[in-house]
1. Just read off the accessible area of I4 with the full protein assembly in place, 1.4 Å probe, to the nearest 10 Å².
2. Consider a paramagnetic label point 7 Å from the Cα of T53 along Cα→Cβ; state which residues of segment 66-98 have an amide N under 20 Å from it.
3. So which helices of the chain fit the span-like rule, where a helix is a whole DSSP H run, its Cα atoms reach 20 Å or more along the axis, and its mean Kyte-Doolittle is at least -1.0?
4. So if R0 is 35 Å, what FRET efficiency would A27 and L71 give, r being the distance between their Cβ atoms, rounded to the nearest 0.05?
5. Quick query: amide H of G62 versus all other amide H atoms, modeled in the peptide plane; which residues come in under 5 Å with a sequence gap of 5 or more or a different chain?
6. For F109 and Y5, what is the calculated FRET efficiency with R₀ set at 41 Å and r taken between the beta-carbons, to the nearest 0.05?
7. Using a Gaussian network model of the chain with C-alpha springs under 10 Å, which one of P85, P174, P72 is most mobile by mean-square fluctuation?
8. Given contacts defined as C-alpha pairs under 8 Å and at least six residues apart, what's the relative contact order of the chain, whole-number percent?
Amino acid sequence: VFLIYVRFREILAVARKVCWWGLPFVALFCYLQVKAYSLQNPWSCQVTMAFLTASLVLFVAGWGMFKLLWLPILFLIFAMPIPQPLYEPMALALQGIATTGGAMVLRLFGVKLAVSGSTLAVTNMEGVQVPLSVEEACAGVRLLMAFVALSVAMAYMTARPVWQRVVLVLMGIPVAIASNVLRVAGTCAFFVWGHDELGQDVMHEFAGLLTLIPAALMLW
């Protein structure tokens, strides 16, 4: 809604005209919507609904309106849960990156640790080794989707050349990965300092929100 509001004056000023090129796409996505519903695939139903809405805009209001509204409509896809077949390989890859990256950051600050799979065994200030597992939930898939969505929104609202907007969108991926690495390293740091309760509860729960600050600054 906010992305539409940003361009609201342009939307009111654009000429509206029925575009018959949109009708085949409306028919196609209606068929795909029914097909996805019959297969009981919620994600496909949601995605095709977004594309169907964009196609209806093209058909009813024309190319001028479609150019202004296609991205805000398809932006809804970022709010849809990632399907499990896609989520699992993404989580596995990001889990490995978060573990390796977190270990590298901790070693830069002189923390003694051992890495085994997705487990970081850090040595705290008292010399006791504490095994910490980077779970699938900490892999950063949701963080990745959130930051890519943020970079797309920033690119849409920024008056810059197209190639710069594309670069900004693509930068959402490394920024999200870097932010999650910092999140893992920061959580482990509390266990190194002997504040296990903070690392387990406060930092673990709010670290995702805190990473929005460096991520937004990096994108800016």
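The values are calculated or read from the model by the stated rules, or taken from the named source; none is laboratory data. The structure presented is a predicted model; accordingly, all values stated were derived computationally and were not measured. Here Cβ is always computed from backbone atoms with ideal geometry, including for glycine, and neighbour counts include all displayed protein chains. These accessible areas exclude ligands, DNA and RNA; they are computed on the full protein's heavy atoms, side chains included. Shrake-Rupley method; radii C 1.70, N 1.55, O 1.52, S 1.80 Å.
1. Approximately 60 Å² of I4 is accessible to the 1.4 Å probe.
2. What the label zone holds, given the 20 Å backbone N cut-off, is 66-83.
3. Both cut-offs are met by 22-38, 42-61, 84-108, 141-157, 162-192.
4. My answer for the efficiency is 0.95.
5. Residues meeting the amide H criterion: K17, C19.
6. 0.40
7. Taking springs between Cα atoms under 10 Å, the residue moving most is P85.
8. Dividing the mean separation by the residue count of the chain yields 16 percent.
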